[in-house]
Amino acid sequence: MSTPVTIGLDIGGTKVAGGLVDAAGAVVVRVERPSLVDGRRDPASAVTLAVARELMARAAALGLRVDGIGAGFPEYVDPDGRLTSHEVLAWTDQPAGPLGALAPATVESDVRCGALAEATLGAGRGSREVAYVSAGTGLSHAGEATAVALLERTGGALGAGLAILARLLDPDVIVLGGGLGAAGGPWRAALDAAYVARTASRPDAPPIVVAALGADAGIIGAAIMHRRAADRG
């Protein structure tokens, strides 16, 4: 009997990443393609479908059986797996249809997929409750004063917001994901300073940790999301 794997797709504004995820949550094959086509982001889900088909072919070549597809999109997704916004992607038809023609498919928000992966197998593993925050827009600077000030202000604002989150929800841990969330520098320093200052009056404030699964979090989370949906029937 062939080994089952799930295709996990992490669709973003600049790239589509996908992988074959085994039962333990390991990515055994990874594929990544730019999502920009003629200046449009993944028009009609063409890049998403191409990555899914490539992974189907790779699985067949390795003698692996694909049991389904989980796809995380950077759009608002309703409980029925339908995209309800055009914030990032140039989609036309709902992607669940063409993906479902390849294998049973589940569509979710990319942030929810990343959160599930980190809570299950990543930095939040073993915790009772995990808060996941994704800061995915990469920012950089060449030491220019205005750029540094902007990073410090945005980092401080998020740190203050996370202190409110900690007060309201009291999770065991707060996980920072996304490319910016995993970065250091003035943004993170300002975030930490604001968070510490606003939680100093309470004992044992939830720690803020960096996501452990890196670029694979969305892929793994999408695969887990599909498996759970399939188990629910």
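Brief remarks on what is shown
- Among the residues of region 123-170, those that are hydrophobic (A, V, I, L, M, F, W, C), closer than 15 Å to Ile208 by Cβ and either in contact with a strand residue (DSSP E or B) (Cβ under 9 Å, 6 or more places away or on another chain) or not in a helix (DSSP H, G or I) (or both) comprise Ala123, Val130, Ala131, Val133, Ala135, Leu158, Leu162, Leu165, Ala166, Leu169.
- If you go through region 108-160 and keep only what is of a type in the set (Asp, Glu) and in contact with a Pro (Cβ under 8 Å, 6 or more places away or on another chain), you end up with Asp110, Glu129, Glu152.
- Residue that is farthest from Asp110 (Cα to Cα), among those in region 3-27 that are of a type in the set (Val, Ile, Thr) and more than 18 Å from the chain's Cα centre (by Cα): Thr3
- Candidate set from region 171-186 (those that are within 13 Å of the chain's Cα centre (by Cα) and not in a helix (DSSP H, G or I)); member that is surrounded by the fewest Cβ atoms within 10 Å (Cβ to Cβ): Ala182
- Some residue of region 214-230 being over 19 Å from the mean Cα position of the chain (by Cα), at pLDDT below 95 and on the phi > 0 side of the Ramachandran plot: no
- Scan of region 17-40 for residues that are surrounded by 21 or more Cβ atoms within 10 Å (Cβ to Cβ) and either modelled with pLDDT under 95 or basic (Lys, Arg) (or both), ordered by number: Ser35
- Qualifying residue in region 89-96 (condition: assigned to a helix (DSSP H, G or I), surrounded by fewer than 16 Cβ atoms within 10 Å (Cβ to Cβ) and of a type in the set (D, E, K, R)): no
- Members of region 37-84 that are β-branched (Val, Ile, Thr), assigned to a strand (DSSP E or B) and closer than 16 Å to Leu102 by Cβ: Val66, Ile69
- When residues in region 187-226 are screened for being buried (at least 20 other Cβ atoms within 10 Å of the Cβ), of a type outside the set (Ser, Thr, Tyr) and assigned to a helix (DSSP H, G or I), 16 of them pass.
- If the condition is being closer than 19 Å to Ala57 by Cα, among the charged types (D, E, K, R) and free of Cβ contacts under 8 Å to residues at least 60 places away in the same chain, then region 11-42 contributes Asp22, Glu32, Arg33.
- The set of residues in region 1-21 being over 11 Å from Val31 (Cβ atoms) and either part of a loop (DSSP other than H, G, I, E, B) or among the hydrophobic types (A, V, I, L, M, F, W, C) (or both) consists of Met1, Ser2, Val5, Ile11, Gly12, Gly13, Thr14, Val21.
- Count of residues meeting criterion [among the polar types (S, T, N, Q) and without any contact (Cβ under 8 Å) to a residue 12 or more places away in the chain] in region 62-112: 2
- Only listed residue being in a strand (DSSP E or B), of a type outside the set (Lys, Arg) and within 13 Å of Gly221 (Cβ to Cβ), chosen from Thr120, Thr106: Thr106
The values are calculated or read from the model by the stated rules, or taken from the named source; none is laboratory data. The model shown is predicted, which means the values in this text are computed figures rather than measured ones. For neighbour counting, all protein chains shown are included, and Cβ atoms are generated from backbone atoms with ideal geometry for every residue, glycine included.
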